[in-house]
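Contents: one structure, followed by commentary.
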Amino acid sequence: MTGLFITFEGGDGSGKTTQINLLASWLESEGHTVVITREPGGTDLGTELRNIILHREGFIAPRAEALLYAADRSHHIHTLVRPALQRGEIVVQDRYLDSSVAYQGAGRVLDPTEVRNISVWATENLMPDLTVVLDVPASVAKERQAAGERQYDRLEAEAEDFHTRVRESYLALAAEEPGRFLVIDGESSIEEIHQAIVDKVSDLLG
Ligand code: ADP
Ligand code: TYD
């Protein structure tokens, strides 16, 4: 495959959407073809699954939740992401399998390695070239969301210690695979964060 696969991770409200849009604009200004996408919900099927996962009333068993995310991911990678990478395009994606390890693994009660293996199987082992983690304390992310007056989804409504476990899980994942991850202090300014990402992506593009 000739394209570049960049994923963004971090808590809800950590600044992923902001940085994805800035990075995509910069890449396009450099002449690259960019696909912006997200999980859950990057495809038609994914939109239906996203509604169920995030907005269905009532309990979803933890393993069922993990499988719903993996089903969304499998279809998304097969129908949208791999074809774009095969065309040589740059895919900039909001969340990928590290979200499942962090949220369904550390955040919930499942074994993180088992959760990861489900996604590896679901995607036929497609790993990102770069994963940017925007690292912010759970309390800061929550304040930003409240300021934006967004409607909370099922995961966002979890207690702060859940989000703190998610954050710690991301940092542990990054420490295990330093070659793939770029961890950035998400409390820096939007422009400073953007510049750090551009520096790293420029390196990857050679
Ligand atoms: P996410 O996609 O991770 O949920 P967003 O990009 O939507 O995050 O950002 C959440 C909120 O925080 C938005 O109101 C955004 O303007 C603000 N924000 C993003 N980055 C920063 C930053 N570095 N410093 C302060 N506020 C930020
Ligand atoms: P998202 O729409 O990216 O939320 P935000 O923009 O607020 O960060 O993600 C929706 C929620 O789904 C988010 O709370 C994290 C959760 N999630 C998982 O629990 N597991 C996963 O595998 C993915 C992709 C997301």
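Scanning segment 171-206 for residues that are of a type in the set (G, A, S), free of Cβ contacts under 8 Å to residues at least 60 places away in the same chain and in a loop (DSSP other than H, G, I, E, B) yields G179, S188, S189, G206. Among the residues of segment 154-174, the ones that are modelled with pLDDT under 75 and either away from ligand 1 (no atom under 11 Å from the Cβ) or open to solvent by 80 Å² or more (accessible area, probe 1.4 Å) (or both) come to 4 in all. Which one is most open to solvent (accessible area, probe 1.4 Å) among residues in segment 40-97 that are more than 16 Å from ligand 1 (Cβ to nearest atom) and touching a His at 6+ places or on another chain (Cβ under 7 Å)? Ranking the candidates gives L45 first. Any residue at all in segment 100-114 that's open to solvent by 10 Å² or more (accessible area, probe 1.4 Å), among the polar types (S, T, N, Q) and closer than 28 Å to L22 by Cα? No - not one qualifying residue is present in segment 100-114. Note on segment 1-20: residues that are of a type in the set (G, A, S) and either more than 10 Å from ligand 2 (Cβ to nearest atom) or at positive phi (or both) total 4. Of the numbered criteria (1) over 20 Å from V201 (Cβ atoms); (2) not in a helix (DSSP H, G or I), the one E168 fails is (2). Residue check: S139 meets all listed conditions (1) outside any helix (DSSP H, G or I); (2) of a type in the set (S, T, Y); (3) loosely packed, with under 13 Cβ neighbours inside 10 Å but one, namely (1).
Regarding V120, is this residue in a helix (DSSP H, G or I) and either at pLDDT 85 or above or surrounded by fewer than 18 Cβ atoms within 10 Å (Cβ to Cβ) (or both)? Considered against the rule, which asks whether it is in a helix (DSSP H, G or I) and either at pLDDT 85 or above or surrounded by fewer than 18 Cβ atoms within 10 Å (Cβ to Cβ) (or both), V120 comes out as yes. Of the helices (runs of 4 or more DSSP H) lying entirely inside segment 1-106, those containing at least 1 residues that are closer than 19 Å to I184 by Cβ are 16-29. Restricted to segment 175-188, and to residues there that are more than 18 Å from M127 (Cα to Cα) and charged (D, E, K, R), the residue that is surrounded by the fewest Cβ atoms within 10 Å (Cβ to Cβ) is D185. Among residues of segment 96-117 that are in contact (Cβ under 8 Å) with a residue 12 or more places away in the chain and under 23 Å from F8 (Cβ atoms), those with a beta-carbon under 7 Å from a residue that is acidic (D, E) and part of a helix (DSSP H, G or I) at least six positions away or on a different chain give the pairs Q104/E65; A106/E168.
The values are calculated or read from the model by the stated rules, or taken from the named source; none is laboratory data. Keep in mind that what you see is a predicted model, and the values were worked out from it rather than measured. Cβ: placed from backbone, ideal geometry, glycine included. Neighbour counts: every protein chain shown. To get the accessible areas, we keep the full protein, side chains included, count just its heavy atoms, and leave off ligands, DNA and RNA. Shrake-Rupley method; radii C 1.70, N 1.55, O 1.52, S 1.80 Å.
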